[in-house]
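Values quoted throughout were computed directly from the atomic coordinates according to the rules given, and no laboratory measurement underlies them. All values derive from a computational prediction rather than experimental measurement. Cβ atoms come from the backbone with ideal geometry, glycine included; neighbour counts cover every protein chain shown.
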């Protein structure tokens, strides 16, 4: 015979078939609720697994980045400052309120020493006779401004833009007035009567030692 469902069944199957069991309506509702809850739990578990996987990757990347950042820095080559092996001597005469300058070139990073080694007051001239009047003490030169700087041209002409200045009196070259380090480039040294205290012209000698 053909069942209404369209499937073949033998009589033996019919005899051995258990009678259909029915559940009360309340039980069916509870079963459906349990299924819905189970499906929701599975969905949440899947979501947690995905988040955990992403979190694991993020942690791994973070640890890798931390590991890279915590590595010891590469050793740096110490900066070598060359000694002042080149010695240049500059001489000139400075008038009241005047400024003189001399340029020099540093070939590489190195130490630069500047010393005002000698100063002498020149005689003044008697306006009536034209005869020289020697100063009481030719070595009594007051402290004047000694500077190191960079040569610059302005509307007033070339000037030495000071990087460091000191008030200096002449002394031995073994005791530099200015000691520092300079990069390779062009520099200048200037000697100036900034405050106008001179009454005699000053002859001077400046020694610059640089690499």
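Some notes on this structure:
- Looking only at region 162-183, residues that are within 24 Å of residue 119 (Cβ to Cβ) and not in a loop (DSSP other than H, G, I, E, B) come to 10 in all.
- Candidate set from region 174-194 (those that are over 33 Å from the mean Cα position of the chain (by Cα) and surrounded by 12 or more Cβ atoms within 10 Å (Cβ to Cβ)); member that is nearest to residue 107 (Cα to Cα): 191
- Within region 116-146, being under 17 Å from residue 95 (Cβ atoms), part of a strand (DSSP E or B) and touching a residue at least 40 places away in the same chain (Cβ under 8 Å) holds for 116, 119, 120, 121, 124, 144, 145, 146.
- Of the residues making up region 184-197, those that are in a loop (DSSP other than H, G, I, E, B) and in contact with a strand residue (DSSP E or B) (Cβ under 7 Å, 6 or more places away or on another chain) number 3.
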